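The values are calculated or read from the model by the stated rules, or taken from the named source; none is laboratory data. All values reported here derive from a predicted model rather than from experimental measurement. Methodologically, a virtual Cβ is constructed for each residue, glycine included, from the backbone with ideal geometry; neighbour enumeration extends over all protein chains shown. Side chains included, ligands, DNA and RNA excluded: accessible areas come from the protein's heavy atoms. Shrake-Rupley method; radii C 1.70, N 1.55, O 1.52, S 1.80 Å.
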Amino acid sequence: MKVLVTGAAGYIGAHVWHAIEEAGHETVLLDNLSTGWEGNLRGRDCHRVDLDDGPAVRKALEGCDAVAHLAGAALVPESVTKPEKYWRNNLGHGLSLVEAMLDVGVSSFVFSSTCATYGFPETVPISEDTPQNPITPYGTSKLAFERVLADVASAHDFKPVVFRYFNAAGAHENGIIGEVHDPETHLIPIVLQVATGERESVTIYGDDYDTPDGTCIRDYIDVRDIARAHVLALEGLAAGRFAGETFNLGHGLGLSVREVIECCRKVTGHPIPAMDGERRPGDPDRLTAQADRARDVLGWVPEHDLEAMVKGAWAFAQSQAKA
């Protein structure tokens with residue numbers, strides 16, 4: 001199997017193409033490097049083009065059997081101030097990619113969506129059938145593209161799989177690919193930046209939530225488990241076992257901000273000072289996944305716990321601090 005991976009220099013995209021190759025398949029990489037980290041390409045050839053460049057995308061698709069689509073804009077606060085960027089990247093460019101696939105006859109498609117499409121869920125844990133009411137342009141643009149995929153699948157020979165990620169964390173155990181964002185917005189790398197001396201402390205945004213320790217609870221899922229789910233989906237599509245499926249990717253276990261910080265202290269051996277701050281607007285008390293469908297259909301079960309996620313992220317953070 002030969003798979004085009006968009007967003008190949010991104011945090012999750014890099015782990016996905018590594019996992020596809022480790023499973024014995026071939027990859028073609030595409031990333032315009034607008035937000036991706038070139039180091040994640042590890043010197044590999046990459047089509048450095050925008051997805052709205054139809055001829056260039058069709059060229060990248062030559063000989064491919066499937067697409068894993070991980071390119072897009074993914075900073076939730078930025079989506080509120082620059083919604084046009086998120087609609088263009090997450091919907092417009094995604095639609096251009098699908099049109100190029102239809103032109104060249106590539107029909108298998110795995111899409112990187114998000115639990116942000118649920119907004120404030122009516123019930124927790126969140127199943128794939130939970131009503132989707134996103135509260136930011138990021139979530140809304142991802143949901144809009146999910147609906148595009150469903151319509152295209154109804155009209156054409158097109159087989160999409162949608163993954164709604166919860167909180168991706170961790171890094172490959174080799175320490176050479178990982179999470180590099182500017183600005184960094186994810187909790188674990190921010191906490192580890194305190195351990196490496198890049199920050200003086202970490203701020204806990206709100207300590208009065210309706211949770212056991214007063215801090216937000218989220219569902220953290222190792223990026224290596226996410227990558228493995230992509231391999232299972234691509235192989236399942238190739239074998240004709242399913243199409244048009246949507247899966248939550250999460251552990252189903254909630255961890256609080258304080259629990260994550262304490263785990264980082266344990267793994268790194270650093271004290272990691274934490275300061276209490278004000279709540280951020282729009283943060284629900286709890287977000288956890290019900291991921292039974294991925295287990296039952298894909299045969300996917302997360303293999304890495306929080307300590308393993310932090311160890312992988314810490315290995316990468318140390319490699320970058322030494323660079």
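Against the condition in contact (Cβ under 8 Å) with a residue 40 or more places away in the chain, buried (at least 18 other Cβ atoms within 10 Å of the Cβ) and within 19 Å of Lys311 (Cβ to Cβ), how does Cys264 come out, does it pass? Here the answer is yes, as Cys264 does meet what is asked. Look at Pro183 and say whether it is surrounded by fewer than 19 Cβ atoms within 10 Å (Cβ to Cβ) and either without any contact (Cβ under 8 Å) to a residue 24 or more places away in the chain or under 20 Å from the mean Cα position of the chain (by Cα) (or both). So Pro183 passes the test. Condition check for Glu245 on (1) within 21 Å of the chain's Cα centre (by Cα); (2) farther than 16 Å from Ala19 by Cα; (3) buried (at least 22 other Cβ atoms within 10 Å of the Cβ): one failure, at (3). The number of residues in the range 80-92 being under 30 Å from Ala239 (Cα atoms) and crowded, with 23+ Cβ neighbours inside 10 Å comes to 1. Considered as a group, the residues in the range 76-126 that are aliphatic (A, V, I, L, M) and more than 20 Å from the chain's Cα centre (by Cα) include one that is farthest from His15 (Cα to Cα), and that residue is Val124.
The set of residues in the range 8-30 being open to solvent by 10 Å² or more (accessible area, probe 1.4 Å) and not in a strand (DSSP E or B) consists of Gly10, Tyr11, Ile12, His18, Ala19, Glu21, Glu22, Ala23, Gly24, His25. Where strands (runs of 3 or more DSSP E) fall wholly inside the range 133-241, the ranges with 2 or more residues that are of a type in the set (Val, Ile, Thr) and modelled with pLDDT of 95 or more are 159-165, 202-205.
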